[in-house]
Structure formats: C-alpha cells, structure tokens
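The values are calculated or read from the model by the stated rules, or taken from the named source; none is laboratory data. Remember, predicted model here, so these are calculated numbers, not experimental data. When we count neighbours, we look across all protein chains shown, and the Cβ atoms used for this are built from the backbone with ideal geometry, even at glycine. What goes into the accessible areas is simple: the full protein's heavy atoms, side chains included, and nothing from ligands, DNA or RNA. Shrake-Rupley method; radii C 1.70, N 1.55, O 1.52, S 1.80 Å.
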Amino acid sequence: MTRLLPDWTTEKIIAFAPDKASVKASQKLAKPQKWPMLGHDTRTAWGAFQGSGKNPYQVKLDLLRLQQEETGYHCSCPSRKQPCKHALALLFILVEAPETVAQGEPPDFVKAWLDKVAEQTRKREARKQRSSQKQADPKQQAKTIAARQAKILAGLTDLEPWLLTIMRHGLADSQLKSHEFWEVKAARMVDAQAPGVAHWLRDIAAMPNQDKPAWLETLLAQLGQLYLLIQSFKRFDALSPEAQADLRSVVGWHHRQEEVLETTPLADQWLVMGRQESPVENRLRLQRGWLRGQNSQRDALIMEFAFGDAPFETRFHPGQWLDAELVYFPSRYPLRAFIQKQTPLPNPPRMGAGCSIQTSLERYAEALALNPWLRQIPFFLEAVIPTRLSGRWIVREVEGDYLPLSSTFGQRWALLSLGGHQPIQLIGEWDGQGLLPLGVVVDGRFVDFSQIGAI
Amino acid sequence: MYPESWLNLATVGIEQSSQPHISCPPPLQHLLAQWPANQPEAKLLLAAAGFQLQQRAGYLPAQDKRPMPPPAAMDDRPICHPDAMRYLQVMLSGHHENALPEWFQAVAQQGQRIPPEALPLLLDTGRKQPDLQPYIAPLLGQRGDWLAQEGRSRKWDWLRLEVDTVWEEGKTAERTRLLHRLRQSEPERARKLLEATWAAENARTREEFLGCLQLNLSMADEPFLEQALDDRSKQVRRTALDLLACLPHSRFCQRMQARVTPLLKLERRGVARKRTLCVTVPETLTDPMKRDGIHSHQDRSQPSSTVETVGLAQMLSYIPPAIWCDLWQLSPAELLQAARQGKVPFDSPSIWGWASYRANDLDFMAYLLEHELKNIDADLARLMAATLPADRLETVSRPWLQPARTKEGLKSNHPAIPLLQVHQQPWSRDLTRLVLEALNRYLHRDNVRPDYLLRGMILDFAYFFPPPMKDDIRQTLAIETSDKNMWEDWVDEIDLRLDFRQKMLKAILRGQD
C-alpha cells in the first residue's frame, strides 16, 4: 500500500515530539489493538483512544498539513504538551504499521474539526484583510502612528532626567544593583508602549557579575546607547522612513506583516544558516532563523514567537534550502523579513562559499554605519580553525587573523572536535565583540549547534 | 574598552568630580564639541555610546602569530547514521540505558565511528561511567584520541593514561582503573608499578590494588604474591592466597597438594566395589597451614564439622580438581559420586565449585552448573557462570529450563535465575523460548501472585532477547489471568524494549547505505 506520510519516519516523529518522555509514553500507546477506532482517508487519519477520561480521546491528523511540516493535529485530551502522546502514538502507528489503519469515511468529529480549522483560517484571513483595509485608510493610519509616536516620546523623555541623575551620582551607587530600581522604569516603558526599551532595562537589571569591572563597562555602554536612543527619537520626524523603522524596532514598535505587503518580495534559493530559540518572558519563546540567498547574497532574519509548548509556525532545519519569496521589513540595512511563499527545493544547490574574517568585518561595519541599532549579523566564514590562544577560544585563519568566540557559546569542545585543527566553514552571529557559532560545514556535512545542545 | 578616566568619572559620578572633562579621539571629540558644555552627564553618555559603536564597527581582527597547529589525523571510517545518534541521545538522557553497550558494539561491528561533534559527550560519559569505557574507546578513533589529549583539563585522559603521573599523583579510584587497564595490555608493567610503591600504600589500597592482578594472572606474579602472604593485613593475605590458588604451579598450591594428598584415598568398597573417596581429617592445623590462611572456625551450619574438617575443606578448595581427576582417572561426575559414596565431611559440590572456579577449570565448572546447580550457593553459581563463554553458559542453562524441571514455571528463586542474570550477551532463540515458556507456565498457575522480583528480572533479560522474536513473545505470553492488567502492562514493557533495540539496530545498519 502507499504510505500515508511518505516523508515521515520513526526518527522524525521522535524529533517532532516535545520531549523524550512523550516519545516513551506514546510508543507504549502505539499498539493498534489498543485503539477501538482507527481509520484514514486521503486527507486525514483519526483514532479513538480510551484514556483516563470518561470518553475516549478523539485524535485527528491532517496528513496534508503534516506532510508540509505544519501543525496539522488535534486531540481532545487535556494535555498541555503539544503534540500530545495520543497524536504521536497515532503518527507512530501510521508510519510503522499503516496496514492496521483501514480506509474509510471520516467520522463526524473529524469533519467537525476540519470545518473548525477552515473557519479559523477564514477568520484569520478576514482579520488580515480588515486590518489591511484599515491600514489602507491613510488618515486613520497616520492618526494611529502619531498617537503611538507621541506616547513613546513622552515615555522616553521621562527617562532622560533619570539617566542624567544616574550619571551625576555615579555608577557606584548601590541602588543600581537592585532589581526594583530598573523595574519601576521598565513598567513605565510598557505603559508608554515601548516594550523594547522595557526589555532592555530588565536585561540591564539582570546583568551578571555586578562586582566585576566588566559589569561597569557594559553598564556604561548600555546607558550611553539608551541616551542616544532618546536623542534620536526626539528627531524622529526628521529621519528617513527607513531610519524611523530602525528606531521603531529598537523601542519594540514593530511593523506588522500587513503593513509591508506592498513591498516587492525577493525570490531566491535560501540556505537556512542557523536557528536559535530563546525564552522572552512569561513563557513566550522566540525563534530566530537566519537565511542567506544563493543569488542575492542577502541575509535575512526570520523572527517568530510561540507561547508555552506550542510549536513555531516555521520549522527551520539548518543546512536545508528553501525556494522562497521573502518580504523584508523596512530598514536602512534590511535584515528582518518574513516568508511569503515557500516551496520545497528538490535539487539543492551546492553550499555557497563564505568569505574571510576581514571581508565579514567590513560587511558588519557597513551594516552598523547604516543601522547603528543593529546588534548582530550572520558571518559565513570560508575557512577558519577553531583553537585556543592563551586560554581564550578563537577561530583563526591560516594567515593568522582571528575572532574571539562569544563567552555564551556552550559547545566549544564540539567545535574544536569538528575542526580538528583544520580549516572549516563556519556560520555564526557577530555582535562586534564575540562570535557565536550556529553551525559548521565539515566534509560536506552541515552540523547545527542547536541540535548538539540537545545531546 | 573605555579609557580609565571615563570609567573613574562614571563610577564616582559627575557631581563628585572637580573637572568633568572627557577627552576622546578626534571624530568623537568633534561630535561632542557640538553638545552644550554645561551638560557633562549627557556628554559622558554620548561619548560612551559613540565610543562603543566605533569599537564595534571598527573592530580589527587580532593576529595569531603562532605557526598553524598540527592538524588532527583523519579517520576514514564512515560516520554512523544520524538516526543511530538519536537512539544514543535517548539512552544517554536516561531511557533504555541498559542497551548502551549493544549500541556501541553494533556501531563498532559495522566499522563506523561517532561524528566528531558527539566526541566530547562520549568522553564525558566515559569519565563518569568507567564501566562503559571499554565499549566507548574503540569508537572514538584518531579524532577522539586527539581530542582527549586536548581536553586533559576535562579529565578525558582516561582514554590514554599518562601512566606514571596517574600512578604517582592520582586518586585511589583512578589508580585502580589504571592498574586494571594496564593489566590488560602490559600485565608485567602493572605489577612492577605496584611493587615499586607497595611499602608506601595503606592496607585498604594494598588490598584493592592486589585484586587487580586477577586479570592476566601468571606465574610471573607468583613471587610477589607469595611474599604478600606475610602481609600485616589479613585482607591483603586473603586476596593474595585467593590469587595464588588460581596458579596450580604456585608454591602455595603445591603446599596444599602436599598436605592434602596423603589425606585422600580412592578405594573400592562394598559388594559392588564402588569407587569410594576416603578422607582422613588432619589431627591438627599446623602453623604453616595457618600462614596459608587455613585457620577457620567451626562451621555452625554443620554441627558435625570440626575446626579440622573445615580446614581440610578449605585446603581442598585451593587445589585444582583436575589434579584428583588425573590422579585417579575419574570424570567430574565420578569424582562427585565417589565423594558421596565416601560420605566426605565437607560439602563437595561447593568445595569443588570454588576449586574449579579458582583454577578457571571451565569443563569442571560447566559440569557442576549443569548437574549440581541446586547444591551450589547462588553467589558461587553466579561467579562460575560469569566465567563461562556465552555458548557454554547457554548449554548448561538449557536443561534447567526444560518443562520437566520448570513444572511450576519460572520463579524468581528458580536455580537457573543466577545463570540467566550473568548472561549479558544477546541470547539465542532457543534459550529465549525456553525462558518464556517456563514463564508462561508460571503465569498460568492458579492463584498466581505478583512476583515483582521476577518482573524486574525479566525486564532486564529483555535487553538480550533477540529483537525479531517480538511477535512470538507477545503470542507466548498471551495472558488470560485475573491479573490481566498488571501482566499486560508488563508484556508491553518487554515489547517496548525489544522494539527499541530492533529499531536502534536498524538505524545503525542504515549507516551502511
């Protein structure tokens, strides 16, 4: 028989599961004889499982969406882990014992689910449409923008005398080490609709090693930048739209996708260079995916948020290629983008060549000159040797140029081992101080550091 | 990053400074000059921001002037499949850990190696779990070797030990491991190492180190061991004589033989002229005997025993049983029969069990396990069984699992259990089937009570059942008892283990494509 999910294997399900405990639990349930009902048609598969609840759990899979790596599953159980063990178990059965799942007419609960999903999609589209129509009304749009700009400006103007007072009293002041000192102002910035600045202040409060000299330097640099931001925002109206956009990103006043739909998308074959996931706050998680276009040689950063255990909308597999159209958000140095259209790439091109440390640094300087608020850009280094220099971890070129590794990089030994004191291709984020490796290419094999962490 | 004067100014605050002047390089100085002079706080902040930007944008790479480091040697074995690595990850995170050795062995058997990015993890695993070291080491390859050298600070040097340093400076556990490993490759060198520092070691470490000589023991070690019989510590003396007993040509064994031979006689007695072992109990235990560790107390479990009979039994347990078989042209069976006939004042299966174990006499041990298992203490049986190669162990185990001997089914106190527990290699289909059928008979008895001990044992065994037998197992163990739920859950668990191993082995084979 033809396989219902041709691209799925046992190992892929393991990788798909939220954690290892779920894998173990679901494998226990993946016995067809334990399922009073199992079935499929061309689009969906379903099953009923008697769990601890009164009624059997109804598990549904949308094969079409799963095949495209979207979140096409649902189960009526109350588990907070997604996908739950029942959905995973059904996946295991479909992949490992497809013959036990009979073809048939989907029961009502499957139809009801499909209808509900379709309804939700429709509503979302309608919302998008409505909001773009709303945006289309230039008067309304200008009014909204002006109101928010004023609110943020008021908030930032509030910060100015506070910053100057800090400098007058000196950074040795002990109240700078208390959390509340920063939190009060962070809360004020949330009210002023500048969440980016609130986050910034909380980061400052959370800076480690408050007794070390490096803390003082970083604090001074952060306060200086904050002050520069205030001065820049005061001149908001005098800036070009792109420079305005960059300032908006810093204060957390992000452009929405529907605001930039009229921008011409950039079609290219994109290499997924790396993926990073980090907690933001209140169970919110951020995924950052770095792409590089094969023909355009442009970099792009795809940022996505997800709440709790929910999966991200896009699953990035570093080392993979996407045939996609990207829309960049406005910036003096456009990096942040979203994927508008994406099709699988059957014949991926050869891994493009990277460049030298020198060239990459020049690229970074150009980027900063255009957008001084930029923190990091991706480096694709052609041939560097991971090694150590008097106790510090570096990557060096044969000629001797080197960059220090970021102190937050946790897989130094894996990197050293991959290199074996020989030049390798390395992709990493550079922030002007340290290089954070995301992946390397060794003997034609792409190694993704976000995966090694899991070992 | 920042000039010292700025940091001082920032620390004490503008208020405290008499001359809040900020000097900086030309382009920044120019920008700052445009700012009102009466706002030194703002100037300091802007200078800090500008300077930091300038530093980041103008970052110049430093130069590593050293010559290029010599590259690590290349490995030409293929890297194992990413799917196989996933199973390794699952096990290292605490699931199905018992299958780890099987994973390592299977990957090594396929002639594959570990991807370099996973080497730090495996070197760490080897450091934390020394019992896995022999499995991990063959997979690390030249890159692993190189990395272990680079990572000495992480104690990855377990892979290639710096013998002298570890011996002279290491902790006891490290030194024990060193001795153990060295005994595998260079037994002579290991003993010499030990001899060199012997006088300076305390009693406990002497005992522990001496025990390491068990591996690759030879007559070359005999003089050293003989000397150790005069050690101050009783435990050291005991270890030494246990080792000497394994060397039939040692002076110790010769002395024992000389003492015991005159005391044993084979005669033909009775109408049937049956071969009978006649024993004369020594009148007293002499001092030289006591030096050789023979000064036992009365065995309370056997009221008829005396200090002298226990001493005789001890001496016998240090003499290879083959000596008697050769002397009287007897098979092991005949020797035991003759002992029974003569009603010898010692527990002959156990005494000859110890004797054959010490002499590493595989034939004798196999005979005892196959025919006298019920008369041998479970701990001794386990020791003996563990020295047999896997196929011989299966041969001696099988008769005990036949239906006639497992009418009541397999219980946790069945005599064959110790044999099965040490059989830690993949089991044959035959043996697996016998065990499952015996188990089934147990489960189908009336009023069967949950045997949790047995449950745990079978789950451990499941790591050695042949994975392709998965379906047979489910069929054989079709449970129809009232305790259905408990047993069903358990069969699921067995199933899961086999399933995991089967998929794991398949994933490893995928690396060959």
How far apart, in nanometres, would the label points at A:ASN55 and A:ALA306 be if each is projected 7 angstrom from Cα along the Cα-to-Cβ direction?
2.9
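How much accessible area per residue does the protein assembly as shown have, counting only protein heavy atoms and a probe of 1.4 Å, in square angstrom? Walk me through the numbers before you get to the answer.
Values: 46110 Å² over 968 residues.
Here the per-residue accessible area is 48 Å².
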Per-residue ³J(HN,Hα) for the stretch B:411-420, Karplus 6.51 cos²θ - 1.76 cosθ + 1.60, θ = phi - 60°, Hz, x for Gly and Pro:
10, 5, 9, 5, x, 6, 4, x, 5, 5
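Below 8 Å between Cα atoms, with a sequence gap of 6+, how large is the relative contact order for chain A in percent?
On the way: 678 pairs, mean separation 39.8, N = 455.
It comes to 9 percent, rounded to a whole number.
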Under the Karplus curve 6.51 cos²θ - 1.76 cosθ + 1.60, θ = phi - 60°, whole-Hz ³J(HN,Hα) for the stretch B:45-50, x wherever Gly or Pro sits:
5, 5, 4, 5, 5, x
Give the residues of the stretch B:255-290 whose amide nitrogen is closer than 12 Å to a point set 7 Å from the Cα of B:THR306 in the direction of its Cβ.
B:280-285
Spacing of the two label points (7 Å from each Cα toward its C-beta) at A:SER450 and A:HIS255, in nm
2.4
Grab the beta carbon distance between A:ASN209 and B:ALA199, set R0 = 45 Å, and tell me the FRET efficiency rounded to 0.05.
0.35
From the helices alone, meaning DSSP H stretches of at least four residues, give me the mean residue ellipticity at 222 nm for chain A, per-run term -39500 (n - 2.57), in deg cm²/dmol to the nearest 500.
-12500 deg cm²/dmol
Apply the Karplus parameterisation 6.51 cos²θ - 1.76 cosθ + 1.60, with θ equal to phi minus 60°, to every residue of the stretch A:434-451 and state each ³J(HN,Hα) to the nearest whole Hz, in sequence, with x for glycine and proline.
x, 9, 9, x, 9, x, 9, 10, 10, 6, x, 9, 8, 10, 9, 5, 5, 7
Between the Cα axis of helix B:82-92 and the main Cα principal axis of chain B, the angle (0 to 90°, nearest 10) is 70
Which one, A:THR9, A:GLY354, B:LEU266, projects farthest toward the positive side of the charge dipole computed for the protein assembly as shown from Cβ point charges (K/R +1, D/E -1)?
B:LEU266
I'd like the distance separating the alpha-carbon centroids of the stretch B:139-193 and the stretch B:200-226, in whole Å.
19
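Ratio to report: Rg/Rh of the stretch B:262-351, with Cα atoms as the point set and Rh obtained by the Kirkwood method; give two decimals.
0.98
Using a Förster radius of 51 Å, what is the FRET efficiency between A:SER407 and A:LEU64 based on their Cβ-Cβ separation? Nearest 0.05, please.
Numbers: r = 45 Å, r/R0 = 0.89.
It comes out at approximately 0.65.
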Whole-Å distance, taken between Cα centres, linking the stretch A:316-334 and the stretch A:214-236:
30
Taking a 24 Å limit on the Cα-Cα distance, which of the listed pairs A:LYS212/A:LYS234; B:LYS128/B:LYS411; B:LYS155/B:LYS506; B:LYS128/B:LYS234; A:LYS24/B:LYS506 fall beyond it?
A:LYS212/A:LYS234; B:LYS128/B:LYS411; B:LYS155/B:LYS506; B:LYS128/B:LYS234
Figure the gain on full extension for A:GLN120 and A:TRP162 (residue separation times 0.36 nm, minus the Cα-Cα span) and round it to one decimal in nm.
10.4 nm
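How much length is gained on full extension from B:SER412 to B:ASP287, taking 0.36 nm per residue of separation minus their Cα-Cα distance? Present the calculation step by step, with values, prior to reporting the outcome.
Working: separation 125, 0.36 × 125 = 45.00 nm, distance 4.48 nm.
Length gained, B:SER412 through B:ASP287: 40.5 nm.
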May I ask you to list the lysines whose Cα is less than 17 Å away from that of B:LYS265, ignoring any residue fewer than eight positions away on the same chain?
B:LYS274, B:LYS343
Under 5 Å from the placed amide H of A:TRP393, counting only residues 5+ away or on other chains, we find A:LEU405
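Based solely on its DSSP helices, what 222 nm [θ] is calculated for chain B when runs of n ≥ 4 H residues each add -39,500 (n - 2.57) and the sum is averaged over all residues, nearest 500 deg cm²/dmol?
On the way: 27 runs with 294 residues, N = 513.
-17500 deg cm²/dmol, from helical runs alone.
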Using only Cα atoms, locate the centre of the stretch B:301-375 and the centre of the stretch A:376-392, then give the distance between them in Å, rounded to an integer.
70
Between B:LYS274 and residues 5 or more places away or on another chain, the pairs with built amide H atoms under 5 Å apart involve B:ARG269
Here the gain from full extension of A:GLN433 to A:GLU96, 0.36 nm per residue of separation minus their alpha-carbon distance, amounts to 116.4 nm
In terms of modelled amide H atoms, which long-range or inter-chain residues lie less than 5 Å from the amide H of B:ILE79?
B:ARG113
Label A:LEU345 and A:PHE109 with points 7 Å out from Cα along Cα→Cβ: what is the distance between them in nm?
4.2
